[in-house]
Amino acid sequence: MARLIFLLALAVPLSGCGRIWLPEYIERRAGDLLARELARDMPPVEGHPWDAFLQDAGKKLAAVCERPSYGYRFRIVHSPQINAFAFPNGEIFVTDGLLKAVGRDAEALASVLGHEIGHVARRHTAEALQSKVGLRSVGFLLFGVDQSVARVSADLAAQLTELGYGREMELEADLCSIRYLAALGYPPETGLKFLKILAEKDRERGPDFLRYFQTHPPTQERVNYAEKYAKALPR
Amino acid sequence: MNATVSIAVSILVSTGPARLSSGDGALEISIPPGYSPRQSVPAGSGDFELSDSSGNSLSLRRQPPEADRLSLEAAAYDRVKELELQLAAGQECAAGPLRDFPLRRGGAVRGLEGRCGAGPQTREYGVLISTGMGLPLLGSVSGPLAPLLEILEGARASLVPSELSPPGPPAKGPLAPLPPRPFHGKFALVLLAVLAAVQGAALAARALGLSRKAPPPPTAPASTLFPVRIERIHLQSQVVFKAAGANGEEWSAVSDRKASAVIACGMWLLLLAALQASFQADRGAIFETLVLSALTLGMGAFVQKSNPRALTLVDGDGNALFQVVEDGYSPLDPRATAIDKEGWQLFRLRRRRAGRLRRWQVLDGIQETVLLEVEEKTSYKTWLRPWTGHLWGLLRADYRLLAEGREVGSLDHEPTMGNRARLSADTLGALDPRHLLAAILFIERVDPDRWHPWPA
């Protein structure tokens, strides 16, 4: 019984149910490695028309977030994907595919930036890494390293939990976009602009039974959740 | 008839010229009939290069944003010279003056036309400059100018703002609070579900009779020693057992585990090296950690070899009765000797393999005749343990005690997370009951059931 209690006491903070204990320098180092890896497949685009706006909007949004002096850097990369990436070292990549999708809607782009800055400001990568280490440690402690049925089940349970964490973080980042834009003087609904563009494009997603294995919640669910939050904010 | 005409009209209406966007999305043009884009334009570029099947080619290149009219005109003349070099082929070229070409949509573009050669060998060329869309453009064509003019007629630029301009003043006060996460505490639920499943499996196994029930309370007189209740005390720096006989006697047994502690440190250092490698830390740092790990593991092996495992049986008053000490270092088939305070060899222990089942022999201290055999009872647990560990006590090894081929007792573990067992015996012959207890405790020390599936 003592070991069980000890195990639970060890696993709870490791999994991130408490505060984030991962040191910032590890977060930065992980971000450097990840950004470098992604930059190999997605080369930077120089002289893009959106570049000046990206730098200005990114700087203004970062100034109102929870970690204003973290050292954010914004870059446009070439990829046909409609995507943006936030790395734990403060680098944020936006694909030119996403810029085509926003058209000339500067506020939609700002809402994307707010979302990505939210991931960095709330230390989502650190939290995810910590929970991954914690959950894997618990599985490792309980079931060891062999590829047994018990071990595979523990891995699957850990993956499902990690996906749950991932989806929570996406929802939280959507709300961060609303909060940061509202702090700058935009109406709360501005933070939903890009989500609504995505929801239009989301109709060709897979059937619902796949949703438990997606890292992002379905877009309409995100829109509904963010709209509810935006409506509750004071004007 | 009317239906056929209406269908033909709709096709014409819906089939307009194809549009082409620049790689960065800032500029969109229509492709003139007969022309198609060249594949050689780099992705992400703001330029266009088109050609047709007659060998005419057309390009539209974005100029620096700060380019003024004079610099654009200079660039235009440079481009004219390039075109003349390409097209002349020993013939004379003549270009008209720089002039305005009006656009149907309004405004004009500036440029010039020229031709090289005469008669059937004539090659036309032209250059146009456009600044009307906020994007300075330089277009050139080796061929008729009309398609280039059409392109500039229909080109659309997507100009974007250069800064974020909120409509209202910034909000005062702190950021709006975030609501609690919708799946908060899910990890705890998953863990509880796993624990519940395991407990359920244990209950199911018990219901199916797969696990051993606790034996009935002893009916023997209180003066007899057996059954003896044994319990391992966990989370101690030493290995500690407590035992209590049916007659009220109590003992404890302790065994040092210095070697295990050192080896555990070495394993943690190895894990640290793996973490450093996964974060691509400096190679020197990884190497240092690996060396430290190897040294620690080596030290652990040395400590284990030079400090054989020993278990001391202590009575209820704290007096050390005797010690069971491992003979040398033989991890596969350990042997041990029990020695009392005067140095007399009381009995010996050795492990014998019987397939995967554990089997030990208790031997007379002097003549080494087999006094008792301690043999694991069930084989399925032996097969499962390497995969699951003792699985919350469900798969701990239970032993039967055999003397001269006859079962004279047993060691039965309770199916609990903690290590608790009951040692029962009726006739032991020449073996002292306390010697049996010490032997069993030594077996538990040296051949333990681990809660993890790592090899013992």
#### Entry: Surrounding net charge for B:Leu85, when Lys and Arg each add one and Asp and Glu each subtract one, Cβ distance under 15 Å
0
### Summary
Along the dipole axis of segment B:311-456 (charges at Cβ: +1 for Lys and Arg, -1 for Asp and Glu; origin at the Cα centre), the most positive-end residue among B:Ser330, B:Leu349, B:His435 is B:Ser330
### Message
Let me check I've understood the local charge: for B:Asp333, count other residues with C-beta under 12 angstrom from its C-beta, Lys and Arg +1, Asp and Glu -1. What total comes out?
### Response
+4
### Query
Once both labels are modelled 7 Å past Cα along the beta-carbon direction, what's the A:Arg29-B:Ala274 spacing in nm?
1.7
### Query
How high is the FRET efficiency between B:Asp327 and B:Phe287 when r is their beta carbon distance and R₀ equals 35 Å, given to the nearest 0.05?
0.35
#### Entry: Hz values of 3J(HN,Hα) by residue in segment A:24-30 - Karplus curve (6.51, -1.76, 1.60), Gly and Pro given as x
5, 5, 5, 4, 5, 5, 4
### Summary
Residue-ordered couplings for segment B:29-36, obtained by feeding phi - 60° into the Karplus form 6.51 cos²θ - 1.76 cosθ + 1.60 and rounding to whole Hz (Gly and Pro as x), are 10, 9, 8, x, x, x, 9, 8
#### Entry: Order of B:Tyr380, B:Tyr35 under a 10 Å beta carbon neighbour criterion, fewest first
B:Tyr380, B:Tyr35
### Query
In what order do B:Thr388, B:Thr224, B:Thr289, B:Thr369 fall by count of nearby beta-carbon atoms within 10 Å, going from fewest to most?
B:Thr369, B:Thr224, B:Thr289, B:Thr388
#### Entry: Long-range HN-HN contacts of B:Phe101 with modeled amide H, under 5 Å
B:Val109, B:Arg110, B:Gly111
### Query
Which entries of A:Lys60/A:Lys193; A:Lys100/A:Lys193; B:Lys258/B:Lys377 show an alpha-carbon separation above 20 angstrom in the structure shown?
B:Lys258/B:Lys377
### Message
I want to check the label-to-label distance for B:Ser71 and B:Gln236. Put each point 7 Å from Cα in the C-beta direction and report it in nm to one decimal.
### Response
8.5
### Summary
Cα extents of segment A:63-135 along the principal axes, largest first, in whole Å, come to 42, 27, 16
### Query
Roughly how many nanometres apart are two label points built 7 Å out from the Cα toward the Cβ at B:Gln121 and B:Ala108?
3.5
### Query
Check B:Leu321: other-chain or 5+ apart residues with amide H under 5 Å from its amide H, H built from backbone geometry?
B:Leu313, B:Val314, B:Asp315
### About the Cα centre, charge dipole magnitude for segment B:338-456 (Lys/Arg +1, Asp/Glu -1 at Cβ), debye
540
### Message
Using the Karplus curve 6.51 cos²θ - 1.76 cosθ + 1.60 with θ = phi - 60°, what ³J(HN,Hα) values do you get for each residue of segment B:143-152, in whole Hz, with x for Gly and Pro?
### Response
x, x, 7, 3, x, 5, 5, 4, 4, 5
### Task
Search the structure for amide H atoms under 5 Å from the amide H of B:His390, placed 1.01 Å from N in the peptide plane, and list their residues when 5 or more places away or on another chain.
B:Arg450, B:Trp451, B:His452
### Query
What does the average come to when, for each residue of peptide B:417-429, you count the partner chain Cβ atoms lying within 10 Å of its Cβ?
1
### Query
How many partner chain Cβ atoms sit within 10 Å of a residue's Cβ in peptide A:187-193, on average, as a whole number?
1
#### Entry: Cβ neighbours within 10 Å from other chains - mean over A:36-49
3
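No lab work stands behind these numbers, since they all come straight from the coordinates. Because the structure is predicted, anything quoted here is derived from the model rather than measured. All Cβ positions, even for glycine, are placed from backbone atoms using ideal geometry, and neighbour counts span all protein chains on display.
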